[in-house]
Amino acid sequence: MNRKLIALAGLMASVALSSAGQTVTAAAGTTSASVPAASGDNSAGPQLHERYPRYQLRKGDSFDLDMAFSPEFNQTLVVQPDGYVTLKGVGSVHIEGQTVPELTETLKAAYAKILHDPVITIALKDFEKPFFIAVGEVGKPGKYELRSSLTVTEAVAIAGGFNEKSKHSEVVLFRPGPGGGFDAKVLNIKKLLASRNLSEDLRLEPGDVVYVPQNTYSKVRPYIPTPTTGIGAFYNVVPY
């Protein structure tokens, strides 16, 4: 009798261990299945990045350098075509592409060679003003100052408005990306104006490019025969 009880207990223990092993395996399988696979789907298309960048110094920019405790080193500097400035008592330092805080640290490091813990204040004097560029089928393509907050529709109006070749439904806003290159967003200005709802009319940021493409009709129009030109119009090749 005792042998039977011992055998029965051993059998129950084996069943319990087997069930525990199955439970662990199932849990592990569930964990593995719950991890989503990385998706490379970019069907939503490129989106514009919201950026609040500091201004970076460029060639031709000028600034005042002020030293509170060493006024003999106060000076007005201009970024040369090679991106350098020449500092009193220190020499040439490359600063193109730096923001004002970065420039301050660069100049502190430069003057630390001859001064103890220099205190430096930088004030931009002359620099490239914020701008946007309008290209394509607008009345007056070109570069315009961005003096106030403007939308894409307002930018087109400032650039002379749409002309007879414009494709109002596919206006493209190109925006400089944080890592170089451009992001792009297509706007249907025709639909926005027709609906009298400009809530989706994007606002410009400095450096944006507004591109108005050519419509299809204006592309094929030179090849459409008219009563006065006849079949000869098909051979009137006009580049576009």
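The values are calculated or read from the model by the stated rules, or taken from the named source; none is laboratory data. In this text, all values refer to a predicted model and were calculated from it rather than measured experimentally. FYI the Cβ positions are ideal-geometry reconstructions off the backbone, even for glycines, and counts take in every protein chain you see. When the accessible area is computed, the model is the full protein with side chains, heavy atoms only, and any ligands, DNA or RNA have been set aside. Shrake-Rupley method; radii C 1.70, N 1.55, O 1.52, S 1.80 Å.
Taken together, the residues in the stretch 200-213 that are farther than 15 Å from V186 by Cβ and assigned to a strand (DSSP E or B) amount to 1. Restricted to strands (runs of 3 or more DSSP E) entirely inside the stretch 53-137, those with at least 2 residues that are farther than 30 Å from Y217 by Cα and among the small types (G, A, S) are 91-94.
Just one of the numbered conditions (1) at pLDDT below 55; (2) among the acidic types (D, E); (3) surrounded by 11 or more Cβ atoms within 10 Å (Cβ to Cβ) is not true of D66: (1). May I ask you to list the residues in the stretch 87-137 that are in contact (Cβ under 8 Å) with a residue 40 or more places away in the chain, open to solvent by 60 Å² or more (accessible area, probe 1.4 Å) and more than 26 Å from the chain's Cα centre (by Cα)? If the condition is that a residue be in contact (Cβ under 8 Å) with a residue 40 or more places away in the chain, open to solvent by 60 Å² or more (accessible area, probe 1.4 Å) and more than 26 Å from the chain's Cα centre (by Cα), then V119, T121, K125 are the ones that fit. Checked against the criterion of being in contact with a helix residue (DSSP H, G or I) (Cβ under 7 Å, 6 or more places away or on another chain), of a type in the set (V, I, T) and at pLDDT 95 or above, the stretch 111-122 has at least one qualifying residue.
Provide a single number: the residues in the stretch 145-161 that are in a strand (DSSP E or B) and open to solvent by 50 Å² or more (accessible area, probe 1.4 Å). The qualifying residues number 1. Screening A159 against (1) in contact with a Pro (Cβ under 8 Å, 6 or more places away or on another chain); (2) closer than 26 Å to V78 by Cβ leaves a single unmet condition, (2). Scanning the stretch 73-86 for residues that are over 34 Å from the mean Cα position of the chain (by Cα) and either open to solvent by less than 40 Å² (accessible area, probe 1.4 Å) or in contact (Cβ under 8 Å) with a residue 12 or more places away in the chain (or both) turns up F73, Q75.
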